[in-house]
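A quick write-up on the structure given underneath.
Each reported figure results from applying straightforward, stated rules to the coordinates on display, with no laboratory input. These numbers come from a predicted model, not from an experiment. Cβ atoms come from the backbone with ideal geometry, glycine included; neighbour counts cover every protein chain shown.
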Amino acid sequence: MASKEKIGSFEENFRKLELLAQELQENKVSIDELVPRMQDALGAIKVCKEVLQETKSQLKQISEEFSNLESLTGNEG
């Protein structure tokens, strides 16, 4: 499973992206801050994407294990 550190990192970076989106919509980001803030956003997106890909992979593996377990029990459901 994803470590708590990565989950926290995902949540922190997602909040960072939400804040930037809100500030952009409200025209609160000056032109001088725009490039550094967008670079920061790019880093946040990369972290979020990495965590989501890792989580998807782990969920797929868990699903396969459940399927294998179900086939071993003969679908007694």
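For the chain, the extents of the C-alpha atoms along the principal axes are 64, 20, 16 Å, listed from largest to smallest.
Determine the dipole magnitude for the chain: charges of +1 sit on the beta-carbon of Lys and Arg, -1 on that of Asp and Glu, nothing else is charged, the reference point is the Cα centre, and the result goes in debye to the nearest 20. Show your work: numbers first, answer last.
Numbers: 10 positive and 15 negative charges, 33 e Å.
Once rounded to the nearest 20, the dipole reads 160 debye.
Entry note, the chain: the mean residue ellipticity at 222 nm calculated from DSSP H runs of n ≥ 4, each adding -39500 (n - 2.57), is -30500 deg cm²/dmol after division by the residues and rounding to the nearest 500.
Under 10 Å, Cα contacts only: if you run a Gaussian network model on the chain, which one of L52, L20, L34 comes out with the highest mean-square fluctuation? Sorting by GNM fluctuation, first place goes to L34. Taking E18, E54, E26 in turn, the Gaussian network model of the chain (Cα-Cα springs below 10 Å) assigns the largest fluctuation to E26.
Between the helical axis of 31-73 and the longest alpha-carbon principal axis of the chain there is an angle of about 10 degrees.
Legend: ranking of residues T73, T55 from fewest to most surrounding C-beta atoms inside 10 Å; resulting order T73, T55.
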